Structures are given as structure tokens and as C-alpha cells.
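For reference, the structure is listed below as C-alpha cells.
Values in this text are rule-based calculations from the coordinates and carry no lab data. These numbers come from a predicted model, not from an experiment. Positions of Cβ are generated from backbone atoms using ideal geometry, with glycine treated the same way; all protein chains shown enter the neighbour counts.
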Ligand SMILES: [Zn+2]
């Protein structure tokens, strides 16, 4: 499947998420890697054999102003 040189890590390699991205779907939040692994933007993964990998890297959260609106204002 992989025609890159050097070849991408296979789906069962420890560094399988280092394979090249074939297609990315940012609107759906996932990318397909060269070795058949699907990586989600929260770093969760689905391997070609159907097994799932839980998110394993912290995702930076965008700052927002919602905390301000949650604050209770005393009259
Ligand atoms: Zn490849």
C-alpha cells in the first residue's frame, strides 16, 4: 500500500501515527494515514483491523470568554 521512500511505519508499529497523511477531513475531524490508520483531531485512532486507540495527547483548548458569562453577579 505504501509507496513512499522511506516506507511509512506500518499500522502495528509503535510510531504508526508518523505515517504520511493521504486524505484529511478537517470538517469531520479526521485524517487517513498511508498505513490505513484513521487519526482523529483529538488524537484518538482507529486501526485497519477495526480496533480503537483512545486519545493519547493533550489537545490545546482554545480560549473563550464563556467563563465570564458564567460568573454570578451580586446585585
Ligand atoms: Zn507511505
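Starting from the Cα gyration tensor of region 16-70, multiply each eigenvalue by 5, take the square root, and state the resulting semi-axes largest first in whole Å.
Numbers: eigenvalues 158, 30, 17 Å².
Working through the eigenvalues yields semi-axes of 28, 12, 9 Å.
Run the numbers for residue 4 and residue 57: contour at 0.36 nm per residue of separation, minus the present Cα-Cα distance, in nm.
Additional length available on full extension: 16.5 nm.
Where does each of 2-11, 19-28 land if you order them by average Cβ count within 10 Å, highest first? If you can, show how the numbers build up before the last one.
Values: 2-11: 13.0, 19-28: 11.3.
Ranked by mean Cβ neighbours within 10 Å, highest first: 2-11, 19-28.
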